[in-house]
1. Can you tell me which condition residue 215 does not meet? The list is (1) within 21 Å of residue 297 (Cβ to Cβ); (2) hydrophobic (A, V, I, L, M, F, W, C); (3) part of a strand (DSSP E or B), and all the others hold.
2. So in the range 256-295, with the set limited to residues that are part of a loop (DSSP other than H, G, I, E, B) and farther than 22 Å from residue 103 by Cβ, which one is least open to solvent (accessible area, probe 1.4 Å)?
3. Does residue 350 satisfy being open to solvent by 20 Å² or more (accessible area, probe 1.4 Å) and at positive phi?
4. Taking the criterion of being under 28 Å from residue 260 (Cα atoms) and under 20 Å from the mean Cα position of the chain (by Cα), would at least one residue in the range 54-77 satisfy it?
5. Considering only the range 230-242, state which residues are open to solvent by 10 Å² or more (accessible area, probe 1.4 Å) and away from the ligand (no atom under 12 Å from the Cβ).
6. Kindly evaluate residue 22 against the criterion of being modelled with pLDDT of 95 or more, over 21 Å from residue 374 (Cβ atoms) and hydroxyl-bearing (Ser, Thr, Tyr).
7. Please go through the range 93-126 and pick out each residue that is farther than 15 Å from residue 182 by Cβ, within 15 Å of the ligand (Cβ to nearest atom) and open to solvent by 30 Å² or more (accessible area, probe 1.4 Å).
8. Looking at the range 5-33, which of its residues are part of a loop (DSSP other than H, G, I, E, B), touching a residue at least 24 places away in the same chain (Cβ under 8 Å) and over 23 Å from the mean Cα position of the chain (by Cα)?
Amino acid sequence: MSEASFVFGEKPIQIESGQGVTLTGSRGTDYLDFGASYACTPLGHSHPTVTEAVQEQAAELTYVQGSYPVEARTELYDRLAALAPGDCEKVWLCNSGTEANEAALKFARHATGRSKIVATMQAFHGRTMGALAATWKDEYKEGFGPLAGDVEFVPYGDEEAISEAVDEETAAVILEPIQGEGGVNPAPAGYLQHVRDVTDEAGAAFIADEIQTGIGRTGDLWAVEGEGVDPDIVTAAKGIANGLPMGATMVKPWIAEDPGNHGSTFSGGPVPCAAANATLETLVADDVPAHARDVGAAFRESLEGLAAETDTIRDVRGRGLMVGVEVKTGANAVLRDLAIEHGVLALPAGRTVVRFLPPLTVTEEHCQRVVDALHATL
Ligand SMILES: *Cc1c(COP(=O)(O)O)cnc(C)c1O
């Protein structure tokens, strides 16, 4: 631990290495990573294909600015255009989720000539000024204002509220197809299509923040695809380069900017691009999303079985390998016990939800170990 660190509350476990689903601590202890990598390693830690792509690219060309085409970036633009939902075929690359959303909000305002943003209660979209303004929790915002104005929050999943909030002054609705930080809250059936209809009618952009749900996590490459919904803007980050910093804002042609209107020095750096190409190619070739769907369904079924057996679980939610378990005892005590007593690392989502975001390559055996650990803990 470093005395100089002030942003993160550091955990008492120093991680030395990672392979697949396993993280190894400095005392030689192995941990099952069901959350420590925050959805950023869909293929597992130190995946050989990604590692090789990174090493080769770093040796050949580590960086050149985005105006000079390089093969890795061109390949990634084309790959994302082909893989993006619907016609979101214009791609902006950046380094993180919040930057991807920041760009999405800017692009939507510019394309519509409007400023109002509609976001949802419990939403999380990032920590920079614009994305933070569309984030719900006051805890994240207190003392940092004034933030970008003109954001209206509506209850997530409430069709009537969104119909009322979206009008001719609305630039965009931004939401997560399944709220992550907010408690693993899947959109109710029909809600996303309703948002699509309402934004279409008002001429507003529909931004799907797939930073946590995307890249196969929910059993489809994109959660909106699983719902058959076609947004104007989709943002991705976290797992897109299997652990290297990368974000992407994919937009329909009517949203796309003229060159020069937005930018970032590190946009589409060759090394993260090489990592993203290797990640996405492997993910698609091995049909990892289908694996996530099947293993995730079995995992949730076991968890529901456990919920029926004990009276300490209030709810099991999610899709694919984005899973939330609402516990009556408070999430932090459970997480601590899982880590220290059972070597299972997971995440909170609010005070009462234990969230699992493992690599998408986990097996049913890994999941069963987590269910057994949770059983013992509860
Ligand atoms: C993590 C996350 C973000 C922010 O991404 P950063 O890379 O941390 O900036 C935004 N939206 C959602 C849904 C996220 O899960």
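1. Of the numbered conditions (1) within 21 Å of residue 297 (Cβ to Cβ); (2) hydrophobic (A, V, I, L, M, F, W, C); (3) part of a strand (DSSP E or B), the odd one out for residue 215 is (3).
2. Taking the range 256-295 and keeping what is part of a loop (DSSP other than H, G, I, E, B), we get 256-269, 286-287.
Restricting the remaining residues to those that are farther than 22 Å from residue 103 by Cβ gives 286-287.
Details: 286: 103, 287: 86 Å².
If we take residues in the range 256-295 being part of a loop (DSSP other than H, G, I, E, B) and farther than 22 Å from residue 103 by Cβ, then 287 is least open to solvent (accessible area, probe 1.4 Å).
3. yes
4. Within the range 54-77, the first condition is being under 28 Å from residue 260 (Cα atoms), and the residues that meet it are 57-58, 60-77.
Remaining after also requiring under 20 Å from the mean Cα position of the chain (by Cα): 76-77.
So far as the range 54-77 goes, yes, one or more of its residues are under 28 Å from residue 260 (Cα atoms) and under 20 Å from the mean Cα position of the chain (by Cα).
5. Kept after step one, since they are open to solvent by 10 Å² or more (accessible area, probe 1.4 Å), are these residues of the range 230-242: 230, 238, 242.
Correct list: 230, 242.
6. no
7. Selection gives 95, 96, 99, 102.
8. 13, 29
The values are calculated or read from the model by the stated rules, or taken from the named source; none is laboratory data. In this text, all values refer to a predicted model and were calculated from it rather than measured experimentally. Quick reminder, even Gly has a Cβ in these numbers, built from the backbone with ideal geometry, and neighbours come from all protein chains shown. Heads up: the accessible areas ignore ligands, DNA and RNA and are worked out on the full protein's heavy atoms, side chains in. Shrake-Rupley method; radii C 1.70, N 1.55, O 1.52, S 1.80 Å.
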